[in-house]
Amino acid sequence: MKKLFLIGLKDLKLIFRDPAALVLMLAAPFALTLGLGFVTGQFGGSGSGIGNIPVVIVNQDSGQLGAALVEMFQSEQLSDLVTATQLDDPTEAFQQVDDDLVAAAILVPAGFTDSVLPPAGQSAPGRTIQLQVYANPTRPTSVGVIKTILEEFVNRLEVARVGGTVAITQLIESGLVPPQEAAALAVELGQQQADSLAESNAITLTSNVASEAAVNFNPLAYIAPGMALMFLMYTASNAGRTLLLERDHGTLPRLLISPTASAQVLGGKIFGVYLSGVAQMLILIIASTLLFQLQWGDPLGVLALVLAAVFGATGWGMVITALAKRPGQVAAVGSVIMLTFGILGGSFINLEVMPVWVQFASKITPNAWGLDGFSTLALGGGLNLLGRPILALIVMGLALFAVALVFFNRRGMAMK
Amino acid sequence: MPTILEVKDLVKKYGDFTAVKGISFNIQEGEIFSLLGPNGAGKTTTISVLSTLYAATSGDATIAGHSVSKDPMAVRKVIGVVPQEIALYEDLTARENLNFWGQMYSLSGKALKDRVEEILEQIGLTDKARDKVKTYSGGMKRRVNIGVGLLHKPSLLFMDEPTVGIDPQSRRAILDSVKDLNRQGMTVLYTTHYMEEAAELSNRVGIIDHGELIALGTQKELTRQVGEMETLVLHVDEMQDVQRLAKAVEALEMVRHAEVSDHSVTAIVPEAEEALAPAVTKANELGIKIRSVDIREPNLEAVFLHLTGRALRD
Ligand SMILES: Nc1ncnc2c1ncn2[C@@H]1O[C@H](COP(=O)(O)OP(=O)(O)OP(=O)(O)O)[C@@H](O)[C@H]1O
Ligand SMILES: [Mg+2]
């Protein structure tokens, strides 16, 4: 096992001494991220992957909160991000989701406001009535955005409620307000808060580091993972290419005639690809965090997703390498796959606007799953929400390794 | 001397093409054995099978008692290989290369560190050890390539044309180091298409052509086998009468022919050493001072020519 690690580390060292590789691994994704970010600006263009998310709201609530929610979704600040329409009939709204016309339907049930802010005379609020979201499973990213906006709304509500309570308690304690007037005052305070909710910058479109829960819709946050994943495919195939290069340069035969099991040699090469990919992703993530204040989200989730995404990508790199005869073929096939996967995986175009078959095909790319996961993270989700993409990436990697191994055998490695 | 390598009816095919056609030979411990043959003769293929890179199509070889086909791992620990093509990581320094390859031969810690420095010293690259291999000259790369093969102190060293494409000085250094290693007890299987190298280095030579071992033995045996003569060259001082000396030498019983060239007499004899004493005596009798003497063993080139009807080099 030790030699496996040593071979992998040697490859990591080598790739970081290869200026051409570094340009494509690190400089290119950065440049493209910045370039695309510049071109798409905020969310005006569709190129940034997310924007104009269609959503339908059914507001059955007669109180202020329902109105505030609708107002918020139709506010100026969110106009680029979401396109909210209103319907009266929930069934019709759900049908629009089923027909893939909208990303989600939000149902504000009757009595929502009253359950949160009880009307005067009713001191204790009853059970809070929940907002309902009917989500379109084919648009996970958009749904994530909608859910985050709603969470933000509910969070503000909670703050307002708690804030209101605290304020009132203080007033009572200081003797300025008689307890019997407290309930009415509470409602008034709450309503003030609810009114200001629609006005307030509940959803920030640009970087907002003030509150952890704040949603960061910096366009770079969508472009950067897409680019990083696309150039991860470069690293995977390039590092796989080194296996064939080593064969041609004689270092692979030399390894095979050293007292090192061929499984360890192959394992070491794969480990090297993996290490290079992880290093690349982490450098891109850390650098973009430091340079552009980009928020990738929960560090643990990011790390887990990186480890899984690189695993999937490495699988592809090994399959390409196993099927190719010459290093040049790997390079050629690698760049075609890099671009195809980049497009298929949603690095350039939001997959949700693509035909169903494209969305289906995208599932074979580590890019799509990775982007899915990174979107979840960027929107504030944690490791717990990454089960699906991580599992998919690991299964993908294992399946591809199995395919690659069929093509590799000792003899094949040495002389093809 | 015990046998360290035993090759028996070794055949290696690449697809339909048979590169090695059933060769057999032994190497004794402490020997330098040369495989001499032209391009494409099958030297590298033979080494590749012996070093467990390729499986033999049929036949087998044992190295230090281990079968190459059945126990490759044991064989790999015993042998060192210096491949024909330089097999190094060009973007790593010489020291990094040696470190890495040492680790592949299971060296570690202080033992590895010491051994790497020792090898750097031995190949004369201690000063350049921190430079990337890609900045090296061909000769320097060759030296590192050899150094890697020596790291684990193998008892049998395969050197596949280690002097191809380098300057005469580096070549000289490499040939000398092979002799040094051998003196320290290392057995060497050396392949070359330079007959001078085989002649200088080896105890025994195998001549390989088109995948067949067409001759095998000490140089003397080989040359005798084809009836070649040795050459005795007597160099004399300028003012001396070379013609008279030539006549006198030619008159000796064992000398077949003698001729004058510049300030020397070249005599063709079956055994140069036998003819040396009488020839020197004759010179003394004539009052001719001999400055130096050369004995040229009969040429392996000539043997190859005799056996194949072709010259050794293309
Ligand atoms: N991998 C291979 N596949 C097919 N044929 C091969 C392969 N390697 C060598 N050959 C052929 O086998 C024959 C012997 O080649 P080999 O490399 O063993 O010769 P060599 O004596 O080492 O020659 P050189 O002095 O050029 O190194 C040649 O005809 C060569 O073309
Ligand atoms: Mg060769």
Residue by residue through segment A:267-275, which ³J(HN,Hα) values in whole Hz follow from phi under the Karplus form 6.51 cos²θ - 1.76 cosθ + 1.60 (θ = phi - 60°), with glycine and proline marked x?
x, x, 5, 5, 4, x, 4, 4, 4
Suppose R0 equals 45 Å; then what is the FRET efficiency for B:Asp176 and A:Gln329 from their Cβ-Cβ distance, rounded to the nearest 0.05?
0.55
What does the charge count near A:Ala332 come to, summing +1 for each Lys or Arg and -1 for each Asp or Glu among other residues with Cβ under 11 Å from its Cβ?
+2
For segment B:143-289, what's the radius of gyration and Dmax over Cα atoms, in angstrom?
20.1, 58
Treat every Asp and Glu Cβ in segment B:3-223 as -1 and every Lys and Arg Cβ as +1, leave all other atoms uncharged, and give the resulting dipole magnitude about the Cα centre to the nearest 20 debye.
440 debye
List the aspartates and glutamates whose alpha-carbon lies under 12 Å from that of B:Lys220, not counting same-chain residues fewer than 8 positions away?
B:Glu228, B:Glu230, B:Glu271, B:Glu297
Taking only C-alpha positions in segment B:229-297, Rg and Dmax in angstrom work out to 10.3, 30
Show which lysines lie in cross-link reach of B:Lys289 when reach means a straight Cα distance below 25 angstrom and same-chain residues fewer than eight apart are skipped.
B:Lys247
Dipole of the protein assembly as shown, positive direction: furthest Cα of B:Ile295, A:Ala221, A:Leu391, with charges on the beta-carbon
B:Ile295
Taking θ = phi - 60°, what integer Hz values does the Karplus form 6.51 cos²θ - 1.76 cosθ + 1.60 yield along segment B:80-93, in sequence order, with x for Gly and Pro?
x, 10, 10, x, 4, 8, 4, 10, 9, 8, 5, 8, 9, 6
Taking every eigenvalue of the Cα gyration tensor of the protein assembly as shown, multiplying by 5 and rooting it, what semi-axes result, largest first, whole Å?
84, 23, 20
At what distance in nm do the modelled label points of B:Asp127 and A:Ser79 sit from each other, each positioned 7 Å from its Cα along Cα→Cβ?
7.6 nm
Could you give me the ³J(HN,Hα) list for segment B:239-250, computed from phi with Karplus coefficients 6.51, -1.76, 1.60 and θ = phi - 60°, whole Hz, x at Gly and Pro?
6, 7, 8, 5, 4, 5, 4, 4, 4, 4, 5, 4
B:Ile32's amide H: which non-local residues (gap 5+, or another chain) put their own amide H closer than 5 Å, with H modeled 1.01 Å from N in plane and none for Pro or chain starts?
B:Val188, B:Asn203, B:Arg204
Hey, what's the Kirkwood Rh for chain B if you take every pair of different alpha carbons, in angstrom?
21.6 Å
Starting from the eigenvalues of the Cα gyration tensor, five times each then square-rooted, give me the equivalent ellipsoid semi-axes of segment B:83-219, largest first, whole Å.
28, 16, 13
Report, by chain and number, residues whose modeled amide H sits under 5 Å from the one on B:Val81, excluding near sequence neighbours (fewer than 5 apart, same chain).
B:Phe158
Calculated from DSSP helices alone, with each H run of at least 4 adding -39500 (n - 2.57) and the total divided by the residues of chain B, [θ]222 nm to the nearest 500 comes to -11000 deg cm²/dmol
Towards the positive end of the charge dipole of chain B, with charges on Cβ (+1 Lys, Arg; -1 Asp, Glu), say which of B:Ala251, B:Ala87, B:Phe100 has the farthest Cα.
B:Phe100
Restricting the count to DSSP beta bridges whose residues both fall in chain B, what percent are antiparallel, rounded to a multiple of 5?
70 percent
Cross-link pairs A:Lys3/B:Lys132; A:Lys13/B:Lys113; A:Lys325/B:Lys113 - those with Cα-Cα distance over 27 Å:
A:Lys325/B:Lys113
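What fraction of the DSSP beta bridges in the protein assembly as shown is antiparallel, stated in percent and rounded to the nearest 5?
So the antiparallel bridges in the protein assembly as shown amount to around 60 percent.
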With a cut-off of 20 Å, note down the residues of segment B:162-182 whose backbone N falls inside the zone around a label point 7 Å from the Cα of B:Asn203 toward its beta carbon.
B:175-182
Excluding same-chain residues fewer than 8 positions from B:Lys13, which aspartates and glutamates have a Cα within less than 16 Å of its Cα?
B:Asp60, B:Asp209, B:Glu212
Given 0.36 nm per residue, what is the gain on full extension from B:Gln243 to B:Asp167 after removing their alpha carbon distance, in nm?
23.5 nm
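Just so you know, all these numbers are worked out from the coordinates, no wet-lab data involved. Keep in mind it's a predicted model, so treat the numbers as computed, not measured. Positions of Cβ are backbone-derived with ideal geometry, glycine not excepted, and every protein chain shown enters the neighbour counts.
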